[in-house]
Each structure stands twice: as structure tokens, then as C-alpha cells.
């Protein structure tokens, strides 16, 4: 999907990649839309597990947020790949079935961010009094906006750009420059 946009994605292309026939895909999924719907649903279902896997590999809750940012940057190995991923996002935003999965994934992600931030507060990585819900939302917004800004500016890698912006936000939350995110 990062190699071709939705208009170029055909069952024939998918079949070639999977080593099966397009007919087998039609028999199994019915249509490209249904295959995308199932993929979107499975992605949403796996988000919590992905966060847990990242947490198990990190020494800290904030390190897990950084690991998530690295994964998120994977949507943009190049500006062109990000553009193709954004074309799929357009489908996710306009197709009700795809949007339901996207929204479910976003809710699990936000809840995961809240849990990580709450843990970071408990372990002293963030100050007591940190507004967990607001910071989780700010992390979500920062990563999404940062990815778009990287695509415009194209300075360095998407990963480096996202980590810089996430670290700046977390620095504010730690009180390096008092903001509204901590009391």
C-alpha cells in the first residue's frame, strides 16, 4: 500500500504480492473494498497488542511513546509513500465501514497513550499533576501534525522529525518550560 495508491491497488496486484490468484482473492474477500475493510478492522484490533509489545521492549513509558513515534514514521519512508498512505486515509475518512475501524484504532491508541502517560507520572518520568488526557491528545496531534510538516519541509527523516517534535512536547510536559500540560 505504500508502493501504490488506492486507485492503482488491484486484486491482481495484491494476488501477485501474496502468491495467489486474483480469483482466489475474489472468492475469499468478494472485492477490493471488502479486503480493505478486513485489513482495516484487523489493524484496529491489533493496535493494543502493538502498544503492549512496544512497552515490553522499552525501559520506560516515555520510551514506549518514542517507539510508537518511530513506528508511525514508518508511514513515510518517503514523501511519495506518505502521499499514498494519505490517499488510503481519505478512503478511511469517507467510507463508513473503514471509518469505524479507523475510529476504533484511534480510541485504542489514545487510551494506550493515556496509560503510558499515567505510568510515566507514577514512575516520576513526568511531574505529578500532569493532565494525562490532555497530554495524550497532544501526543496524538503532535505526531499527526509533525508527519504532515515533515512531508512539507522534507528535512531529514520522518522518524527524526517526529522524535524531535515528540521530545519537545514531552520536555514541556516535564516542566522544562511550564505550559498548561502540567500543574
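Laboratory data are not the source of any read-out in this text; all were calculated from the coordinates shown. Here the structure is a predicted model, which means the values were calculated and not measured. Here Cβ is always computed from backbone atoms with ideal geometry, including for glycine, and neighbour counts include all displayed protein chains.
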Residue check, residue 12 more than 30 Å from residue 127 (Cα to Cα), out of contact with any helix residue (DSSP H, G or I) (no Cβ under 9 Å at 6 or more places or on another chain) and part of a helix (DSSP H, G or I): no
Selected residue (only one of 114, 125, 80, 90 is more than 13 Å from the chain's Cα centre (by Cα) and assigned to a loop (DSSP other than H, G, I, E, B)): 125
Qualifying residue in region 125-141 (condition: touching a residue at least 24 places away in the same chain (Cβ under 8 Å), surrounded by 14 or more Cβ atoms within 10 Å (Cβ to Cβ) and within 30 Å of residue 8 (Cα to Cα)): yes
Residue match in region 40-49 (condition: out of contact with any strand residue (DSSP E or B) (no Cβ under 8 Å at 6 or more places or on another chain), without any contact (Cβ under 8 Å) to a residue 24 or more places away in the chain, surrounded by fewer than 16 Cβ atoms within 10 Å (Cβ to Cβ) and farther than 30 Å from residue 122 by Cα): yes
Single condition residue 166 does not satisfy, out of (1) surrounded by fewer than 18 Cβ atoms within 10 Å (Cβ to Cβ); (2) closer than 22 Å to residue 60 by Cα; (3) over 13 Å from the mean Cα position of the chain (by Cα): (1)
Lone qualifier among 61, 76, 69 - being farther than 23 Å from residue 119 by Cβ and in contact (Cβ under 8 Å) with a residue 40 or more places away in the chain: 76
Selection count where residues are closer than 30 Å to residue 154 by Cβ and surrounded by 19 or more Cβ atoms within 10 Å (Cβ to Cβ), scope region 50-65: 5
So residue 86, is it in contact (Cβ under 8 Å) with a residue 60 or more places away in the chain and more than 17 Å from residue 110 (Cβ to Cβ): no
